[in-house]
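S.K.: I am attaching a structure below and will ask some questions about it afterwards.
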Amino acid sequence: MNLTYIPISLVILRFLIAPFLLWDAIDGKTSIWFIVAFVVAFLSDIFDGIIARKLSVSNAQLRQADSWADLTLYICVVEAAWLVHGEVVIACRLPLLILLAAQLMWWLVNLVKYGKGASYHTYSAKLWGITLLVATVALFGFNHAVTAIWISCIVGTIHSIEEIAMTLILPVWKHDVLSIFHALKLRKVTAG
């Protein structure tokens, strides 16, 4: 049985779940299916990379698709948050705007240097993903998430700064670089 299609199927699943989340929130409220679908999307994000590495099918295209699926998912989550919990979004505008500025700077630095977004999949990205899970479940499941959103924004901003530094350090585009320390090692290898 050929299992090599599983990682890309999990990425596609995340792309498909994202608009469902927005659709579920379009009337200003969400159902239990919002949380269920989001958790499924989150789990697909964890397992697509693990399975791809186990099957030796991890490549730059798959990792970039994974990054685009994440971006699509979280854009839909933010839009749903605005529709359902606009008051919380407004209350958290400062950390959200700082995070947005850091992410835009990250995109700009990568576009200028590489002509495309980075796809590092760092440890800090994984930590940020966990904080996003907690914040999303707290907001949509329990209607209380200000602290979780602040923490997630702080972790996301630190992650963005780390990845900007990695892009400045690495001489060429590379996917799956786990941390700034790994980027420094790669730079030494390519320089030496």
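The values are calculated or read from the model by the stated rules, or taken from the named source; none is laboratory data. Quick caveat: nothing in here was measured; it's all calculated off a predicted structure. Reconstructed Cβ throughout: ideal geometry from the backbone, glycine too, with neighbour counts over all protein chains shown.
S.K.: For segment 94-120, which positions are on the phi < 0 side of the Ramachandran plot and not in a helix (DSSP H, G or I)?
M.R.: Lys116, Gly117, Ala118, Ser119, Tyr120
S.K.: Ok, one more. Return the pair list, or none, for Cβ contacts closer than 7 Å from residues in segment 63-85 that are within 20 Å of Gly117 (Cβ to Cβ) to residues that are buried (at least 21 other Cβ atoms within 10 Å of the Cβ) and among the hydroxyl-bearing types (Ser, Thr, Tyr), at least 6 apart or on different chains.
M.R.: That search, which allows pairs on different chains as well, returns Arg63/Ser119; Gln64/Ser119; Ser67/Ser119; Val77/Thr136.
S.K.: Right, here's the next one. Cβ-Cβ under 6 Å, sequence separation 6+ or interchain: first residue in segment 156-181 and farther than 26 Å from Leu133 by Cα, partner assigned to a helix (DSSP H, G or I) and of a type in the set (Ser, Thr, Tyr). Which pairs?
M.R.: Filtered contacts from segment 156-181: Pro171/Thr190; Trp173/Tyr114.
S.K.: Considering every residue within segment 99-118, establish whether at least one is closer than 15 Å to Ala148 by Cα and free of Cβ contacts under 8 Å to residues at least 24 places away in the same chain.
M.R.: no
S.K.: Separate question: In segment 1-33, which residue that is among the polar types (S, T, N, Q) and out of contact with any Phe, Trp or Tyr (no Cβ under 7 Å at 6 or more places or on another chain) is modelled with the lowest pLDDT?
M.R.: Looking at the filtered set, the residue picked out is Asn2.
S.K.: Looking for whichever is at pLDDT 95 or above, of a type in the set (Val, Ile, Thr), surrounded by 14 or more Cβ atoms within 10 Å (Cβ to Cβ) and under 14 Å from the mean Cα position of the chain (by Cα) here; the options are Val77, Val109, Val89, Val84. Which one fits?
M.R.: Every option except Val77 fails the conditions.
S.K.: Hey, can you tell me all the residues within segment 46-75 that are of a type in the set (D, E, K, R) and under 11 Å from Pro7 (Cβ atoms)?
M.R.: Within segment 46-75, Asp48, Arg53, Lys54, Arg63, Asp66 qualify.
S.K.: Collect the residues in segment 34-50 that are modelled with pLDDT under 95 and either on the phi > 0 side of the Ramachandran plot or hydrophobic (A, V, I, L, M, F, W, C) (or both), keeping them in residue-number order.
M.R.: Ile46, Phe47, Ile50 - these are the residues of segment 34-50 that are modelled with pLDDT under 95 and either on the phi > 0 side of the Ramachandran plot or hydrophobic (A, V, I, L, M, F, W, C) (or both).
S.K.: Here's another thing I want to ask about it. Within segment 25-36, track down each residue that is over 12 Å from Val137 (Cβ atoms) and surrounded by fewer than 20 Cβ atoms within 10 Å (Cβ to Cβ).
M.R.: Ile26, Asp27, Gly28, Lys29, Ser31, Trp33
S.K.: Further question on the same structure: Can you name the condition, by its number, that Leu97 falls short on among (1) buried (at least 17 other Cβ atoms within 10 Å of the Cβ); (2) at pLDDT 95 or above?
M.R.: Of (1) buried (at least 17 other Cβ atoms within 10 Å of the Cβ); (2) at pLDDT 95 or above, only one is false for Leu97: (1).
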